[in-house]
Ligand code: NCD
Ligand code: ZN
């Protein structure tokens, strides 16, 4: 039985760090274990231009505690007014590593997202030309589409047409939650990858809704049926290089989660690596964890893998804080609902 595992230092290919007091509090939780992260641009107002991304990057680095190293990989929020030249310059300078597509209204702070996909055609073509990946929040927002079907419908109605119309565009389907997402990735080529969150490997929709509603398990895309969770587990632990970790760790204060209209997001940054070791061990795939968390993402983004390592050790039940305090209020840490024995020890 394996009791210790040393892997290349992981990266998080989908992370919400927020800003201000929240950023200050949550950044160390990621930087403790992760070398780099793709930083989501859904601030208010969103990060839409190169100079916004540069200023946000500076605020992140200023919030990093002394003695910690961390590289934020910046993204731009795609709007119908995105300036292709500004975007290309921000990419050429090395600042911006991806552009994020939110269908308007899909999730937290997505009001500036895209309504009419024809309006971004020129920007997408420019991205294909310069090799800048598109990260997509893959859910349609049409009122008549059931929330549990929104990912599958997005693939057929939006993603597949965009990819067919834009040859060479490199796309990451963010936080896939369905077997439809897994199958779509597998049926395509290496220009298409997908991130999978930690929490979607652990919870299905019953965890969210049975025996009382669990607001801290509410995130978008919402957790689906068990068969979909199992498909995600199979994909993440398969060794297929097109699947990699994007935690989508998305902190909201408890008052904002526990309200009549609670915010979507699970805060998994503090315990993600321990939880992943647990999941991969359950699947008999500890040898695939390094690929998922540390190798496949850099390969997709054409970045070097990290030279440092982390070590996970199995021992007594790991204790994680229930909450972390932030200047904006407490943020509850994702509770998997079972004991976890893996610790990041070095
Ligand atoms: C994210 C957030 O809070 O910013 N919430 C979430 O449930 N994942 C937005 C997002 O990625 O959809
Ligand atoms: Zn997200």
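The values are calculated or read from the model by the stated rules, or taken from the named source; none is laboratory data. This structure is a prediction, so every number in the text was calculated from the model and none was measured. Neighbour counts run over all protein chains shown; Cβ positions are idealised from the backbone, glycine included.
Remarks
- Filter result for residue 111 (modelled with pLDDT under 95, in contact with a strand residue (DSSP E or B) (Cβ under 9 Å, 6 or more places away or on another chain) and surrounded by fewer than 18 Cβ atoms within 10 Å (Cβ to Cβ)): no
- Some residue of the stretch 276-298 being more than 16 Å from residue 70 (Cβ to Cβ) and within 16 Å of ligand 2 (Cβ to nearest atom): no
- Top-ranked residue in the stretch 82-109 [being closer than 20 Å to residue 140 by Cα and touching a helix residue (DSSP H, G or I) at 6+ places or on another chain (Cβ under 9 Å); ranked as nearest to ligand 2 (Cβ to nearest atom)]: 106
- At least 1 residues being under 18 Å from the mean Cα position of the chain (by Cα), more than 16 Å from ligand 2 (Cβ to nearest atom) and within 30 Å of residue 337 (Cβ to Cβ) is the threshold, and among the helices (runs of 4 or more DSSP H) wholly inside the stretch 116-200 those reaching it are 179-186.
- Within the stretch 233-256, restricting attention to residues that are within 16 Å of ligand 2 (Cβ to nearest atom) and not in a loop (DSSP other than H, G, I, E, B), the residue that is surrounded by the fewest Cβ atoms within 10 Å (Cβ to Cβ) is 256.
- Residue within the stretch 37-54 that is within 16 Å of ligand 1 (Cβ to nearest atom) and in a helix (DSSP H, G or I) present: no
- Count of residues meeting criterion [more than 15 Å from ligand 1 (Cβ to nearest atom) and either under 21 Å from residue 15 (Cβ atoms) or outside any loop (DSSP other than H, G, I, E, B) (or both)] in the stretch 208-228: 4
- Test: residue in the stretch 8-30 that is in a loop (DSSP other than H, G, I, E, B), away from ligand 1 (no atom under 15 Å from the Cβ) and out of contact with any helix residue (DSSP H, G or I) (no Cβ under 9 Å at 6 or more places or on another chain): no
- Selection from the stretch 311-338 of residues that are loosely packed, with under 13 Cβ neighbours inside 10 Å and in contact with a helix residue (DSSP H, G or I) (Cβ under 9 Å, 6 or more places away or on another chain): 325, 327, 337, 338
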